Structure formats: C-alpha cells, structure tokens
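Undergrad: Next up is a structure, given as structure tokens.
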Amino acid sequence: MNQLRSMQRRRLLKVVGAFFLCHPFGLTKALASSGTSALEYKTFAAFLDVLLPHDDLTGSATELRIDEKLWELSESDNRFCHLVLLGCRWLNLTGGPPFVELNMEQQVAVVEWMSNSDWDQVPRRFYELVRQTAIELYYSDPAAWTGLPLERPPQPQGYPPPWQ
C-alpha cells in the first residue's frame, strides 16, 4: 500500500510540474491542433532512445516499450499530453530535417542542449519531466536489470548494506 501511495505521489508531482509548465506559457493556444501525428510518435521514440539507448545487456527505451507507456500516461492527463506534444514539436524545429532524421550524434547534441537550457523554457521542462518519468518506468521493468546485481528493485526496501 505504501508503495502505491508513493507512486501516486510521484505521478501527482509530475502532473503538477507539467501544469506549471503549460499554464504560464499559454500552451493551449499553441496546441490548438493537438492531434498527434505519426512524426510526433517517431520523434518521441527517438528522443527516448537517446535518453535510454540499448547496450550489450539491455534494450533501449523503445525496446522496453517505454514510449508506449508514456503515451498511455499522457492519455490520462491533458497537461502531460500537451507537454509531450509541444516537446515533440519543438524537437522537430531544428531548422533542417525532423529530429528522427538527424544522425545519432546530432540527436545527442540537441538533447544535451536541452539538458542545459533554461528551466523556465519548454525544452528543459520537457527534457526533465519526460526523462524522470522514462527512467522510473525503464528501471521498474525487470528486463532493464540484466547485468546488474539485482534480483528485485532496490526500493522501497532500500539498498542492501555494503557488506552483503
């Protein structure tokens, strides 16, 4: 029960953060055509794969279906949905090809810029809120534990003492 409350509390904090992003910037007008396009789905997947790429032991964010889980979460809250759509649209404003058509090095450079941008601007808020949620979903999946000395999530019980 405590674990469920903790997850609900975290989700609420994320939604509140998304609200404070959307409300002062008047994003409702900017997202008047809020239908999600195939390009936005691809953009979001590419963004998540930059954050959580595959390696020799574990799959990428999309291989663990984190993109699908986040879209489902966005369907339950309009503010989070608006944040995701606006972030995807921003990613495609590179002045060149859409984000998904950039090579990996260019995509990493865009995401790195986002991570260092002004917190009061859309790119950084999108980066932080989506990254935090994606990491939580990714590492709650046992498929992400391959190669780690874990048999269960370290929380809520905590990490074992260093002598064990």
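Derivation of every value follows stated rules applied to the coordinates shown; laboratory data play no part. Keep in mind that this is a model prediction, so the values were computed, not measured. As a convention, Cβ positions derive from the backbone with ideal geometry for all residues, glycine included, and neighbour counts pool all protein chains shown.
Undergrad: Quick one: T36, T58, fewest Cβ neighbours within 10 Å first, how do they rank? Mind showing how you got there, number by number?
TA: Numbers: T36 14, T58 19.
Ordered from fewest to most neighbouring Cβ atoms within 10 Å, T36, T58 come out as T36, T58.
Undergrad: From the phi of every residue in region 88-97, what ³J(HN,Hα) in whole Hz does the Karplus formula 6.51 cos²θ - 1.76 cosθ + 1.60 yield, where θ is phi - 60° and glycine or proline is x?
TA: My calculation for region 88-97 gives 5, 5, 4, 4, 8, 9, 7, x, x, x Hz in order.
Undergrad: Starting at the first residue of region 48-57, write each ³J(HN,Hα) from the Karplus equation 6.51 cos²θ - 1.76 cosθ + 1.60 with θ = phi - 60°, in whole Hz, x for Gly and Pro.
TA: Per-residue couplings from phi come out as 5, 6, 6, 5, 10, x, 6, 9, 5, 10 Hz.
Undergrad: I've got another one for you. Could you put D120, D141, D49, D56 in order, starting from the residue whose Cβ has the fewest other Cβ atoms within 10 Å?
TA: Details: D120 10, D141 15, D49 20, D56 6.
Ordered by Cβ neighbours within 10 Å, fewest first: D56, D120, D141, D49.
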